[in-house]
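See below for the structure under consideration.
The values are calculated or read from the model by the stated rules, or taken from the named source; none is laboratory data. Quantities reported herein were computed from a predicted structural model and do not represent experimental measurements. Glycine gets a Cβ as well: all are built from the backbone with ideal geometry, and neighbour counts include every protein chain shown. The area values use the complete protein model at the heavy-atom level, side chains included, leaving out ligands, DNA and RNA. Shrake-Rupley method; radii C 1.70, N 1.55, O 1.52, S 1.80 Å.
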Amino acid sequence: GVVTARNAERVAIVGRGTIDGNALAFHDATKQHDSGDFDRSLTRQGAGFMPKGVLFEHGPIAHGERPGNLLRFFDCRDVLVHGITIQNSPTWTTHYRKCENVTIEAVRINSDASGKRIPNDDGIDLVECDDVRILGCDIDTGDDCIALFGSQRVVVTNCTMTTRSVAIRVGYDHTRDIRDCVFSNLVIHDANRGLGVFVRGSGGVENVIFSDIVIRTRLLTGHWWGKAEPVHVSAVLFAPGVEKPGRIRNVTFARLRVEGEHGMILWGSPDGAIEDVTLDDVRVRIRRGPNSDAWGGNVDMRLTRDPKLAVFKRDLPALLAFHAERLAVRNLTVEWADDVPAYFTHAIEAESFRELVVDGFRGRQAQITGSAIRLLKGEDAVVRDSRAAAGTD
């Protein structure tokens, strides 16, 4: 890395300077990066989905050997990074591992030189860090803007983000639980995914709040994970040797304003890995985009142990809940553009659920016919104080 601190206390990088990683020197902008982690035959578009050998507009582009992070803090305490610009990283831009009491404020992170086409150029990665504050930052990267792995007591507020992947990633194949985190007052735009909570191993996620967030997503080309979901919560196995995924519990999404080209997804597993999720005061408008036909109508669960779940064809509601327990959907408003593709269906679809409350819903189905709300194989559902919008079948 350009700057590395190990076992340091009261360490700071401050000022108005720039750290530039010259990422394009380690990548081939004429070739596509192909992760090969899904089966094209399972997608809506079949063999025509993301064909091999094509250089896609949004990347990611191919790479050879790459140097390390531009900024690394390992086993540090009382860290301050303030005011600087960090750009064009060939891999994770900043990496914090097992650090305590970290403040990252007014920092600009970007991948502008490559047009945000560098794979794995995450903005801020927190690995088993505690007591972290990310304040007033602007992050425009190809890969995840902010990612948490096994970290606790993290606050992210007053930030703007653009990404080809997911703006906020909470979890992956972590083993240490992620808990007690708050994400608020954010603007996410031109993103492949907005907010993501992921369990792919034994570690769980609990006590997380997302609030007061504006999200705009769109379907992007290339081998980025995600298909324009504004909210994605999933618990499926990937980590080897793990028999049961960690639980996702006590997660709240409040006061979201969303416009995008895919619905929101809560995707659990039969052993009940998603519990006590609340959506409160969420307004969603779904539209058609330039890539809706060539790339849309699929669900993306990468990485997953089951190849049938990697990227697969599925008709899409505005909110899909699969294997969720004690899900509360309050004051949800769903609007559809007039020309949304035929694979869009219901406003709410819940399957294999337990204890579902829909309170104060307003909306209709996507097409002329069909149901606004579809409940399947569930038990204990309450729908109250809800109103069918004009055009409801």
* To do: Report yes if some residue within region 192-205 is over 28 Å from D39 (Cα atoms) and within 15 Å of the chain's Cα centre (by Cα); otherwise report no.
  => yes
* Failed item, numbered, when H95 is tested on (1) modelled with pLDDT of 95 or more; (2) farther than 29 Å from D131 by Cβ -> (2)
* Structure fact -> Checked against (1) within 24 Å of S35 (Cβ to Cβ); (2) among the aliphatic types (A, V, I, L, M); (3) assigned to a strand (DSSP E or B), V154 satisfies every condition except (1)
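Condition test on D190, is it in contact (Cβ under 8 Å) with a residue 40 or more places away in the chain and open to solvent by 10 Å² or more (accessible area, probe 1.4 Å)? Reasoning before the result, please.
On the way: in contact (Cβ under 8 Å) with a residue 40 or more places away in the chain: no; open to solvent by 10 Å² or more (accessible area, probe 1.4 Å): yes.
No.
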* Contacts under 6 angstrom Cβ, first residue in region 225-243 being under 19 Å from A324 (Cα atoms), partner open to solvent by 40 Å² or more (accessible area, probe 1.4 Å) and part of a loop (DSSP other than H, G, I, E, B), 6 or more apart -> L237/R305
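Restricting attention to region 198-233, and to residues there that are under 15 Å from E261 (Cβ atoms) and basic (K, R), which single residue is least open to solvent (accessible area, probe 1.4 Å)?
Of all residues in region 198-233, those under 15 Å from E261 (Cβ atoms) come to 215-221, 224, 226-232.
This time we only want the ones that are basic (K, R), so: 216, 218, 227.
Details: R216: 121, R218: 69, K227: 8 Å².
Applying the filter and picking the extreme gives K227.
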* Evaluate region 255-262: report whether one residue or more is open to solvent by 10 Å² or more (accessible area, probe 1.4 Å) and at positive phi. => yes
* Asked: Of the residues that make up region 133-148, is at least one surrounded by fewer than 20 Cβ atoms within 10 Å (Cβ to Cβ) and β-branched (V, I, T)?
  -> no
* Asked: Which residue pairs have Cβ atoms under 9 Å apart, sit 6 or more places apart or on different chains, and have a first residue in region 126-148 that is closer than 19 Å to N185 by Cβ and part of a loop (DSSP other than H, G, I, E, B) and a second that is open to solvent by 10 Å² or more (accessible area, probe 1.4 Å) and among the small types (G, A, S)?
  -> G136/A106; C137/A106
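Suppose we filter A254, A239 for residues that are touching an Asp or Glu at 6+ places or on another chain (Cβ under 9 Å) and closer than 30 Å to A342 by Cα; which single one remains? Give the steps one after another, and end with the answer.
Numbers: A239 fails: closer than 30 Å to A342 by Cα.
From the options A254, A239, the qualifying one is A254.
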